[in-house]
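The values are calculated or read from the model by the stated rules, or taken from the named source; none is laboratory data. Source: prediction; values computed, not measured. Counting neighbours? That spans all protein chains shown, and the Cβs are built from the backbone with ideal geometry, glycine included.
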Amino acid sequence: MVSSSSQKSPEARIDRLMAGAIDPHVHSGPSIAPRGLDHLELAREASAAGMAAVVTKDHDYSGVMTAALIAAHHPELTAKVYSGIALNNVIGGLNPYAVEHTAAMGGKIVWLPTLAAVNHLRWEKESGRSHPASTTKIRPASAIPVTNDDGSVRDDAKEILDVVARTGMALASGHIHAKETLTVFEEARRRGVKRMIFTHPEDMVYATLDDVRAAVELGAYVEHSLCMFLDGCKFKHSEPEFLKQLIDAAGVDRTILCSDLGQVGVFRPVDGMRRGIDLCIELGYADADIRKMVSTNAAHVLGIESDLPARAAA
């Protein structure tokens, strides 16, 4: 078994790889779910670490307005803050108006349903697990399907895909089933969507390594949540060897690593990224490959290459 231990790799090497890093999936607050830090604290910590950017994700609202306020009132912060929108109940589900507004305000990612995904609600029943944000809802989630009974993509989901294609945002799979993801991504590609992200195939979405390979064949990047692999993290459920299998299935050129952190009682997101880099070092990846997975691949799929410092973009 490979374990993560920051004592085994020089801190200076991790520092170099954190310079220009991007965390495209952070659950900072405020939120209806308990959070360990807010968006401004995240921006300060990411800036202090030399990171290029972070993307805040809340299951219930678009964080683009907060990102705009931070940019306007804290020009001293070097890490850019971006956000997107998750298509859950609070914003009206598959709501093209909300997606268009998010794009107009500089949003970078549209997440298909997460806590309201048909697959997510099935997963909670079958696994006996409850998502941390699910337990604080005002009322139970109402399922938001993205495919029809025959497996085809719903018309209202197609309308979302058209907005994503027109605005150039990235489409992320959220918590829909892996097989649905492949169906939606195939339709998205037909409709002109250029940027796609397969969200944490290691959990909730019942993905196989073949699903990962198929997503890459459709042009998607595959995003892994480091919190699910790090020793000492309450969200850990898989060993590092599985992360390596997932990375190798997609290839480092199509892999993105994120913290998926910000919750209470666990590492801060920046610390999670550092530990994730350390883990990649222990798994034997070269610095150039790690930089792709923690920086340049995310910059490309988000369209923010200009945010990278020259040393990270090289």
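General observations
For every residue, the table says whether it meets (1) out of contact with any Leu (no Cβ under 7 Å at 6 or more places or on another chain); (2) closer than 18 Å to Pro269 by Cα.
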| residue | (1), (2) |
| --- | --- |
| Arg16 | yes, yes |
| Pro24 | no, yes |
| Gly36 | yes, yes |
| Leu40 | yes, yes |
| Glu45 | yes, yes |
| Ala49 | yes, yes |
| Ala53 | yes, yes |
| Gly63 | yes, yes |
| Asn88 | no, no |
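- Filtering Ile138, Ile160 for residues that are among the aliphatic types (A, V, I, L, M) and more than 27 Å from Val301 (Cα to Cα) leaves a single hit, Ile138.
- Considered as a group, the residues in the stretch 137-158 that are charged (D, E, K, R) and farther than 12 Å from Glu180 by Cβ include one that is modelled with the lowest pLDDT, and that residue is Lys137.
- Checked against (1) within 27 Å of Gly174 (Cβ to Cβ); (2) more than 19 Å from the chain's Cα centre (by Cα), Asp23 passes all but a single condition, namely (2).
- Among the residues of the stretch 123-155, those identified as outside any loop (DSSP other than H, G, I, E, B) and exposed (fewer than 15 other Cβ atoms within 10 Å of the Cβ) are Lys125, Glu126, Ser127, Thr135, Thr136, Asp155.
- Scanning the stretch 221-244 for residues that are free of Cβ contacts under 8 Å to residues at least 40 places away in the same chain and buried (at least 24 other Cβ atoms within 10 Å of the Cβ) turns up Val222, His224.
- A residue that is assigned to a strand (DSSP E or B) and either free of Cβ contacts under 8 Å to residues at least 60 places away in the same chain or under 22 Å from Ala141 (Cβ atoms) (or both) cannot be found anywhere in the stretch 1-24.
- Residues being within 15 Å of the chain's Cα centre (by Cα) and at positive phi - total across the stretch 240-298: 2
- Every test in (1) in contact (Cβ under 8 Å) with a residue 60 or more places away in the chain; (2) not in a loop (DSSP other than H, G, I, E, B) is passed by His175 save one, and that test is (2).
- Tally of residues being part of a helix (DSSP H, G or I) and either touching a residue at least 60 places away in the same chain (Cβ under 8 Å) or under 20 Å from the mean Cα position of the chain (by Cα) (or both) across the stretch 69-103: 9
- Ser28 vs. criteria more than 20 Å from Met196 (Cβ to Cβ), surrounded by 18 or more Cβ atoms within 10 Å (Cβ to Cβ) and under 14 Å from the mean Cα position of the chain (by Cα): yes
- Matching residues, the stretch 197-210, being in contact (Cβ under 8 Å) with a residue 60 or more places away in the chain and either in contact with a Leu (Cβ under 6 Å, 6 or more places away or on another chain) or not hydroxyl-bearing (Ser, Thr, Tyr) (or both): Ile197, His200, Met204, Val205
- Qualifying residue in the stretch 283-297 (condition: more than 21 Å from Glu11 (Cα to Cα), in contact with a helix residue (DSSP H, G or I) (Cβ under 8 Å, 6 or more places away or on another chain) and modelled with pLDDT under 95): no
- Qualifying residues in the stretch 245-263 (those that are in contact (Cβ under 8 Å) with a residue 60 or more places away in the chain and among the hydrophobic types (A, V, I, L, M, F, W, C)) - the one surrounded by the most Cβ atoms within 10 Å (Cβ to Cβ): Leu261
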